[in-house]
1. Kindly indicate whether any position in the range 13-22 is part of a helix (DSSP H, G or I), of a type in the set (A, V, I, L, M) and either touching a Lys or Arg at 6+ places or on another chain (Cβ under 6 Å) or modelled with pLDDT of 70 or more (or both).
2. List every residue pair whose Cβ atoms lie under 6 Å apart, where the two residues are 6 or more positions apart in sequence or sit on different chains, the first residue falls within the range 43-70 and is of a type in the set (A, V, I, L, M, F, W, C), and the second residue, located anywhere, is modelled with pLDDT of 75 or more.
3. Select from the range 30-55 the residues that are modelled with pLDDT of 65 or more and surrounded by fewer than 10 Cβ atoms within 10 Å (Cβ to Cβ) and list them in ascending order.
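The values are calculated or read from the model by the stated rules, or taken from the named source; none is laboratory data. What you see is a predicted model, and the numbers here were worked out from it, not measured in a lab. Cβ sites come from the backbone with ideal geometry, for glycine too, and all protein chains shown count toward neighbours.
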Amino acid sequence: MKELKKYAEAKLSRRKFLTGSAAIGASAVAIAVAPNVASAATKTEVKVEKKDEGYQLTQHIADYYKSAAL
């Protein structure tokens, strides 16, 4: 009976360890990604001029040009 109780306690402690490790890993990833999200939000936006006809530079097109420039 003592062996069964000891086994159950060991199993529970392993589960707590693995759960804690997963939580720490997830928070480390969140911390690593957070600066990139914050810097993306602070970028300046291109002013879009609306014209009735012809070529129109929209925010979507300006973002494409920025990403395509190497």
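1. Yes - at least one qualifying residue is present in the range 13-22.
2. V46/A62; V48/T58; V48/Q59
3. Passing the criteria: I31, A32, P35, E45, K47, E49, D52, E53, G54, Y55.
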